[in-house]
Amino acid sequence: MSNAMGIIFSNIHDSDVPELTQNRTLGSIPFCGRYRLVDFALSNMVNSDITKVGLITKSNYQSLMDHVGSGKDWDLARRHGGLHMLPPFGVEENTSLYNTRLEALKNIIGFIEKSNEQYVVMTDCDLVCNMDYDAILKTHIKNGADITLVYGMANAKDMSPTNNIVLKTDDDGRVADILFNPRAQGEIKLFANVFILKRNLLYNLVKDAISHNKHHFSAEIIAQSVGSLRIFGYEHKGYLAKITSLQSYYDKSMELLDRSKMKEVFENNNVYTKIRDSAPTKYSAGAKVKNSLIADGCVIEGEVENSILFRGVKVSRGSVIKNSILMQDTIIGEKCFINCIITDKNVIVTDGRNLSGCDVNPFYIRKFSKL
Amino acid sequence: MYRKKECVAMLLAGGQGSRLYALTTKIAKPAVSFGGKYRIIDFPLSNCVNSGIDTVGVLTQYQPLVLNEYIGNGAPWDLDRAYGGVHILSPYQAKGRSDWYKGTANAIYQNLYFIKSFDPDYVLILSGDHIYKMDYSHMLEFHKESGADCTIAAIQVPWEDTSRFGIINSDEKGRISGFEEKPKNATSNLASMGIYIFNAKKLYAYLETDSKDKASDNDFGKNVLPAMLAAGENMFAYTFEGYWKDVGTIDSLYEANMDLLGESPTLDLTDRNWRIHSRNPIAPPHYAGENAKISNSIISLGCIIDGVVENSILSAGVTVKKGAVVKDSIILSGAEICENAEVNYSLIDENSHIGVGAKVGVEKDKKAKITVIGRDYGVPDGDVVNGGEILDSCEA
C-alpha cells in the first residue's frame, strides 16, 4: 500500500485529558509501560506499509518531538517519504494557532499538494488498536467509495460526554447520516475519526472549505457531503480503545492486563516506540508481583498487583502497589501503600506514604511531584 | 576531504568459542546472549562509544550471520556514522592471496588497509569475549603519558587462577619486563585482558615483520608482543580495577550472568552514565500473571510469566506457564517452559521448548553440573534431561 500517505493529528483531543496534556500533546501521553499514544497510529501506518507520514502538531509538542525524533525507531527516517513533523505554520490570513481539524489541514495544504501518493489515511492519537489500513483501503477501492470512515461498534452508554460522532449506514455499508452527540440507545456505530480518501479529493475539499470560510471538517464538509459523495463506513472489528478522559485512560490501561486484549494489540503486530536502552527489570528476593505489566529498567523489592509499571520505576522494600499506573522513573519509597493512583513521570513518594484513589476516580499525581 | 581519527578500535570477533558447546553451534561467541537483553559484543561496542571511540572494525569469521545481522549498521550504538562508525571486516579474496584469518595478528594484518584509511595515531585491539565496563580513554591517556609504544590492559587475578591467564611482569610504573603464558608458578598475578593500544606506526611495522615469519602463529600474545619486548620497545601495563570476566566457558558465562543478581550485584548495568547499548527487542512490557512468583531474578520485555522463577535470568519473550518452576537458570529469547515443567540449574537457548511436566537439570549444589539445551531444541512432554547433559538439535 505504498500508494497512500498518512496524516496524524497529535493535538486534536488534548482538552479531553487535561491532566496528562498539561505539558504534552495527546499523542505523547505515556501508555502501557513503554509507549506513547502516537506509537499506535505510527506503528499501524508502518505495519500497513505507509512510509510517508505527516505528524501535525499545535502546541506543547516538545515531548512529542523528543519522542519521535527522526522517526528512526519506526523505520520512518527515510530519504523518500518518512516522517514529516508539521508544526503550526503562520500564514498571512491565519496567524493564530488552529483550533479545528479543518484549520490544521489548511495549514498543511502545501504538504498535501506536493505529495504524490494517491490516497491519504488520516487518524488521531486517541486510539489504542491494531488497525490494518491496507485492508480498509482495499475495501474502500472495492466499494468505489470517495471517502471511507472507520467506526467501531459501541454501546450508547459508553459514549464520552462530548465529541461523539455516530454513523448511520445502509445495507451496503454506505453512510446515510452522520450525527453529532446524538441521544441514542443500544449498539451504535461510533466513528473512530479515521478517514481514507484520495489525496486530490482531500485537497479539493480543503481548498473549497477555505473559499467558503468553513471551520469544521466532519460537520461542515463530511456530513454535508453524505448525499453528493459516496461515503462508506468500515467496521473495525478488533480491539479499539478510545482515550477520552483520565478515567478512560485508567480503564483502558487496566483493560490491557487482560491477556487476550494485550495479545491482539501487541502480539499480532509490532508496536514500535522510542528505544531507551534500559537494563532489564530486576526483582529482588522479597518481590511479589501479580497480574501486572512491567516495563524494562524497573527495580522491584515490594509487592505489585493489578498495576502497570513504566520504564525505570522503583518499588522499595515493604511497599504495596495495587491497581495503579506508575509512569517512567517513579520512585516509591519503603513501606508505602499505593492504590488506584496514576503517577506521572519522575514522581517521588517518600517512605511510609499511604495514597489511595478509587477505581472509578483514580488519583493523579503530577510530573516531578515529591510527596 | 579531511580524513583522520585519533584512535581506531579493532574488535576480534571471529572466535568459535568451542568451549561454549551448543551455544555456539550456529552463532559466533560475541553474539552469545547475556544478562537478559544483551549480547557479549554489546560490552566492547558500548565501551567504545562511551569512551569516545567512534570507529570500530569488527573482524568476523566463524558463523557470522547472526552477529552481522545484530550489528547491522551500528545504529543501536550510535555507530552509524557518515565517517567512521562500525565496519564488519570478514576475510576476503585479494590479488595473489585469499586466506582465512590465521591468528589474531594476521586478522589485523589483513585489514591494515582499513586502519590506514583513517590515518590513526593509535590502534586499540579488543576481543569479543569479555564482560566488563571500561573507559578506554583513560587507558589511552595512560598510554600517551607513559610514552609507550604498546600498552596492555591488565587486571589482578587471584593467585590460584594465574595458570589460566597470560601473566605480565612489570615494575611499579607499569613498565613490562616479561610475559608468562599460563604459568604453573607465576611470579605476578597481573593478567592480560587481551586489550592493547599500539602506536599505529609501530603496529604496522611489527605486523609486516610477523607476516613474513613462516614459523609464527600470527598471534598477538604468542608472537607480536614478545617480539616487541625483545626488540626493546616501550611496553606498559595499564592496571584496570573493576569487573571483568572472560565468558569463554559455559560455567564462566553462567557465573557472569548470576553476578547481575543479588542486593548489590558485582556487575551493575543500571548506571545511566555508562549505558550498555543493545539492539532492543520489539516487545511489550513483560506480564506477570495471577500465579507468578518471581524472586531475585531479571526479566526482560515480552516475557509472560505465570509460574515460579527464582534466581534466574530471562531474555525477551520467554514464556513460563502455570505450574512451571525455573530455578538458578538462564533462559534465552523466545524459549517456552510449559505447564508443570521444572528447570533447574540450566541454560536454555533461544526458541527451545520444554514440554509439559518435563524435568530439565538437577538442583544446584556443589557437585551438580549445568545442563544445556541448545537453540530450537524441543524437550518432549514428561521427558527427563539429566544434570550436565548438553542437548543440541543443530548440525554443526
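The values are calculated or read from the model by the stated rules, or taken from the named source; none is laboratory data. Since the structure is predicted, the reported quantities are computational estimates derived from the model, not experimental observations. As a convention, Cβ positions derive from the backbone with ideal geometry for all residues, glycine included, and neighbour counts pool all protein chains shown. Areas reflect the complete protein model, heavy atoms only, side chains present, ligands, DNA and RNA absent. Shrake-Rupley method; radii C 1.70, N 1.55, O 1.52, S 1.80 Å.
Taking Cα atoms, how many degrees apart are the long axis of helix A:37-47 and the longest axis of chain A, rounded to 10 and kept between 0 and 90?
Between the helix axis and the principal axis of chain A, the angle is about 60 degrees.
Find which of B:55, B:27, B:10 sits farthest along the positive direction of the dipole of region B:1-138, computed with +1 on the beta-carbon of Lys and Arg, -1 on that of Asp and Glu, about the Cα centre.
Going by the Cα projections, it comes out as B:27.
Report the net charge of residues surrounding residue B:8, where surrounding means a beta-carbon distance below 10 angstrom and charges are Lys +1, Arg +1, Asp -1, Glu -1.
Its environment carries a net charge of -2.
Given Cα pairs under 8 Å that are at least 6 residues apart, what percent is the relative contact order of chain B?
14
Roughly how many whole Å is it from the C-alpha centroid of region B:74-102 to that of region A:4-68?
39
Beyond 40 Å, what percent of the Cα pairs of chain B remain?
More than 40 Å apart: 20 percent of the Cα pairs in chain B.
Over the whole of A:257-263, what's the average partner chain Cβ count within 10 Å per residue? Rounded to a whole number, please.
Counting other chains' Cβ atoms within 10 Å and averaging over A:257-263 gives 2.
At a Cα cut-off below 18 Å, give the lysines reachable from residue A:207, other chains included and same-chain residues fewer than 8 away excluded.
Here the lysines satisfying the reach criterion relative to residue A:207 are A:106, A:114, A:198.
Set the bar at 31 Å for Cα to Cα. Now go through A:274/B:102; B:29/B:182; B:116/B:184; A:58/A:290; A:157/A:345 and name every pair that lies beyond it.
Result: A:274/B:102; B:116/B:184; A:58/A:290; A:157/A:345 exceed 31 Å.
Per-residue mean of other chain beta-carbon atoms within 10 angstrom of the beta-carbon, peptide B:36-42?
Per-residue shielding by partner chains comes out at 2.
Would you mind working out the magnitude of the charge dipole of the protein assembly as shown relative to its Cα centre, with +1 at each Lys and Arg C-beta and -1 at each Asp and Glu C-beta, to the nearest 20 Debye?
1040
For the interface of A with B, what's the total buried accessible surface in square angstrom, probe 1.4 angstrom, rounded to the nearest hundred?
3000
May I ask you to derive the relative contact order of region B:121-199, considering only C-alpha pairs under 8 Å and at least 6 residues apart, and to give it as an integer percent?
42
Mind checking which of A:269, A:318, A:98 is farthest towards the positive end of chain A's charge dipole, using Cβ charges of +1 (Lys, Arg) and -1 (Asp, Glu) about the Cα centre?
Value computed over the given set: A:318.
Residue A:348 to residue A:15: FRET efficiency via 1/(1 + (r/R0)^6), r the Cβ-Cβ distance, R0 35 Å, to the nearest 0.05?
Computed FRET efficiency for residue A:348 and residue A:15: 0.75.
Just A:106, A:157, A:335 to compare: in a GNM of chain A, with alpha carbon springs under 10 Å, which one fluctuates most?
A:157
Report the dimensions of the protein assembly as shown along its three principal axes from the alpha-carbon atoms, largest first, rounded to Å.
Ordered largest first, the protein assembly as shown gives principal extents of 93, 61, 51 Å.
Which pairs, out of A:282/B:133; A:263/A:322; A:52/B:5, put more than 27 Å between their alpha-carbon atoms?
Values: A:282/B:133 19 Å; A:263/A:322 23 Å; A:52/B:5 37 Å.
Going by Cα-Cα distance, A:52/B:5 fall outside the 27 Å limit.
With N set to the residue count of chain A, report its C-alpha Rg divided by 2.2 N^0.38 Å to two decimal places.
Computed over Cα atoms of chain A, the ratio equals 1.02.
Can you tell me which of B:317, B:374, B:221 moves the most in a GNM of chain B? Springs connect C-alpha atoms under 10 Å apart.
Maximum fluctuation in the GNM of chain B, among the listed residues, is at B:221.
Calculate the dipole size of region A:227-371 relative to its Cα centre from +1 charges on Lys and Arg beta carbons and -1 charges on Asp and Glu beta carbons; express the result in debye to the nearest 20.
240
Positive end of the dipole of region A:277-371, charges at C-beta (+1 Lys, Arg; -1 Asp, Glu), about the Cα centre: which of A:293, A:309, A:357 has its Cα farthest in that direction?
Positive-end residue among those listed: A:357.
At a Förster distance of 22 Å, what's the computed FRET efficiency of residue B:102 paired with residue B:252, Cβ-Cβ distance as r, to 0.05?
0.25
So what's the gap between the Cα centers of region B:161-210 and region A:142-209, to the nearest angstrom?
74
What's the average, rounded to a whole number, of partner chain beta-carbon atoms within 10 Å of each residue's beta-carbon in A:295-303? Write out the running numbers ahead of the final one.
Numbers: counts 4, 11, 3, 3, 1, 5, 1, 0, 0.
Going residue by residue through A:295-303 and averaging, the value is 3.
Pick from B:333, B:46, B:117: which is most flexible by mean-square fluctuation in a GNM of chain B where alpha carbon atoms under 10 Å apart are linked?
B:117
Over region B:256-390, what portion of Cα pair distances is larger than 18 Å, expressed as a whole percent?
52
Once you keep just the Cα pairs under 8 angstrom separated by 6 or more residues, what percentage relative contact order results for region B:1-160? List each step's numbers first, then the result.
Numbers: 232 pairs, mean separation 52.9, N = 160.
It rounds to 33 percent for region B:1-160.
Just to confirm the number: angle between the C-alpha axis of helix A:133-142 and the first principal axis of chain A, 0 to 90 degrees, nearest 10?
For A:133-142 against chain A, the angle is about 20 degrees.
Could the peptides A:27-34, B:204-211, A:281-288 be put in order, highest first, of the mean number of other beta-carbon atoms found within 10 Å of their residues?
A:27-34, A:281-288, B:204-211
Checking the cross-link filter: which aspartates and glutamates have an alpha carbon closer than 18 Å to that of residue A:189, excluding same-chain neighbours under 8 positions apart?
Candidates past the 8-residue exclusion: A:124, A:126, A:158, A:170, A:171, A:172, A:177, A:235.
Taking the Cβ of residue B:330 as the center, what net charge do the other residues with Cβ under 14 Å away carry, scoring Lys and Arg +1 and Asp and Glu -1?
-2
Given Cβ point charges of +1 (Lys, Arg) and -1 (Asp, Glu) and nothing else, what value in debye, to the nearest 20, does the dipole of chain B about its Cα centre take?
900
Find the centroid of the Cα atoms in region B:343-396 and in region B:257-291, then give the distance between the two in whole Å.
Using only Cα atoms to place each centre, the spacing works out to 24 Å.
What net charge is computed for the residues neighbouring residue A:116, neighbours being all others with C-beta under 13 Å from the C-beta of residue A:116, Lys and Arg scored +1, Asp and Glu -1?
Working: positive: A:52, A:114, A:198, A:199; negative: A:113, A:117.
That sum, taken over residues with Cβ under 13 Å, equals +2.
Take the alpha-carbon positions of region B:32-105, form their convex hull, and give its projected area averaged over all directions (one quarter of the hull surface) in nm².
Here the figure is 6.2 nm², rounded to one decimal.
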